[in-house]
Amino acid sequence: MKRIALLGATGSIGRQALEIVAAHPELELVAASSGSTPIDGLAPLTQVGGDLTELLEDAEPDVVLNAVVGFAGVPATFWALERGADLALANKESLVAGGDLAVAAWKRGGGRLLPVDSEHSAALQLLDGRPPDTVDSLVLTASGGPFRGRSRSELADVTSSDALAHPTWSMGPKITVDSATLMNKGLELIEAHFLFGLPYDRIEVVVHPTSVVHALVRFRDGAALAHLGHPDMRVPISYALTYPERAETPVEPLDLATGLILEFEAPDLEAFPCLALARAAGETGGTAPCVLNAANEVAVAAFLDGDLPFLGIADVVERTLAQVGCTPANDLTELAAWDAEARRIATELTRQLVHQ
Ligand SMILES: NC(=O)c1ccc[n+]([C@@H]2O[C@H](COP(=O)([O-])OP(=O)(O)OC[C@H]3O[C@@H](n4cnc5c(N)ncnc54)[C@H](OP(=O)(O)O)[C@@H]3O)[C@@H](O)[C@H]2O)c1
């Protein structure tokens, strides 16, 4: 039996995780949380909002599935890493904002860190057990989102409902907007750097519209291995929850004979500057990725509220990064202070942009 704590149980990942848990008697849901939606009776222990580490202390899970959206998921990630509980991590913002501290906590705790992001789950499966010196580079694929192929000027008037119409993945609103700006792939680039210890110049992003190839690893002998599958999050959720068993899922096997289209293209960094901003913040290091993440959360919320134009998201992120320093944080308290400061500045910059 594996005792599972599911954080963010009411979200897109959370609901799919409930389906996986229900299908596997060896997975026992011992605790569940949401941000504000009532979840009485969903698990023996439930919590709505508040400090999620209190729920985890009470539940003593073997596996924490962190499917909270945003920086709010950071303390639970650190709790699991520090205690050596297995962490099935959907909340990519944790590793982006607190990567250095998280990796140190992971080493101290000694548990497993199993990414739920489909690209990182794929990369883990490709890299697992390979000597690091045989690996040349990692390629993360991006669908390109609903605005793929549009020029910067064609993005000026797009609305949140345009951005929420993702072509291949069905996800929560924040990550769907992140996919439309390509910030999602930028966050994933930083996440991959910390998960797999690869330098940024050995992680490439390519656009792959059908989202069938989730990641590809090039090896030093010229061979490349790719991970393929339908774009269905139940596969990486199940992989993380049942690791190393690779349990069955209801997802259909890939049918190559029906004609599989594997097209790739370079991302358009002029139309989608968030990807380049994330790469630069990752390379700068320190709290730059934390600031990037905080500014992005503020800007995406303003865009979803209809206050900020689509192109304003990258503007707010870029200007916030220019105003907030990037001294490394020593602990979670300092990290939270950097996050709060970046949010304060990003909120002010958003106000200025809206009233321009
Ligand atoms: N969806 C995907 O396919 C996908 C794929 C890869 C990675 N991810 C990552 O997985 C995470 C979750 O994504 P999602 O699409 O499932 O998001 P979502 O549908 O918006 O769900 C977010 C969950 O977090 C909870 N929550 C929100 N704010 C909270 C707070 N302040 N404290 C505690 N809980 C809070 C929500 O509760 P309420 O319902 O009460 O608001 C909900 O259960 C994100 O980090 C995302 O980047 C998602």
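Quick notes
- For the chain, the antiparallel share of DSSP beta bridges with both residues in that region comes to about 30%.
- 25 °C / 0.890 mPa s Stokes-Einstein diffusion coefficient of the chain, Kirkwood radius on C-alpha pairs, µm²/s: 120
- Between E348 and R220, the simple spin-label model (points 7 angstrom out along Cα→Cβ) gives 5.0 nm.
- By the combined test of axial Cα extent (at least 18 Å) and Kyte-Doolittle hydropathy (mean at least 0.0), the qualifying DSSP H helices of the chain come to 92-109, 183-196, 288-304, 310-323.
- Prolate/oblate/rounded call for the stretch 28-161, Cα gyration tensor, a/c under 1.5 rounded: oblate
- Placing pseudo-labels 7 Å out from each Cα toward the beta carbon at A280 and A156 gives an inter-label distance of 2.3 nm.
- From the alpha carbon centroid of the stretch 263-327 to that of the stretch 137-174 is 15 Å.
- Apportionment of accessible area to carbon and sulfur, the stretch 84-147, percent (1.4 Å): 49
- Taking the chain and dividing mean pair separation by its residue count, relative contact order in percent (alpha carbons under 8 Å, at least six apart): 16
- Efficiency of FRET from Cβ geometry, E204 and T333, R₀ 51 Å, rounded to 0.05: 0.90
- For the stretch 1-159: relative contact order, % (alpha-carbon pairs under 8 angstrom, 6 or more apart): 16
- Pairwise FRET efficiency - E19 versus D51, Cβ, R0 = 25 Å, nearest 0.05: 0.35
- Helical mean residue ellipticity (222 nm; -39500 (n - 2.57) per DSSP H run of 4+; nearest 500) of the chain: -14000 deg cm²/dmol
- Accessible area per residue, Å², the chain with all protein chains present, probe 1.4 Å: 42
- Selected from D221, D62, D40 as most flexible by GNM, with the chain as the system and alpha-carbon contacts under 10 Å: D221
- For the stretch 109-212: rounded, prolate or oblate by the Cα gyration tensor [a/c cutoff 1.5]: prolate
- Rounded Å value of the spacing that divides the Cα centres of the stretch 194-262 and the stretch 21-52: 29
- Charge tally around D201: other residues with Cβ under 14 Å, Lys/Arg +1 each, Asp/Glu -1 each, net 0.
- Given their separation in residues at 0.36 nm each and the Cα-Cα distance between them, D40 and D136 gain 29.7 nm when the chain is fully extended.
- Prolate/oblate/rounded label for the stretch 116-174 (Cα gyration tensor, a/c 1.5): prolate
- Overall, the accessible surface of the stretch 202-265 at a probe of 1.4 angstrom is composed of carbon and sulfur to the extent of 54 percent.
- Label point distance in nm, V251-D307, each placed 7 Å from Cα along Cα→Cβ: 3.7
The values are calculated or read from the model by the stated rules, or taken from the named source; none is laboratory data. Owing to the predicted nature of the structure, the values given are computational and were not obtained by experimental measurement. Counting neighbours? That spans all protein chains shown, and the Cβs are built from the backbone with ideal geometry, glycine included. Surface areas here come from the heavy atoms of the whole protein model, side chains and all, with no ligands, DNA or RNA. Shrake-Rupley method; radii C 1.70, N 1.55, O 1.52, S 1.80 Å.
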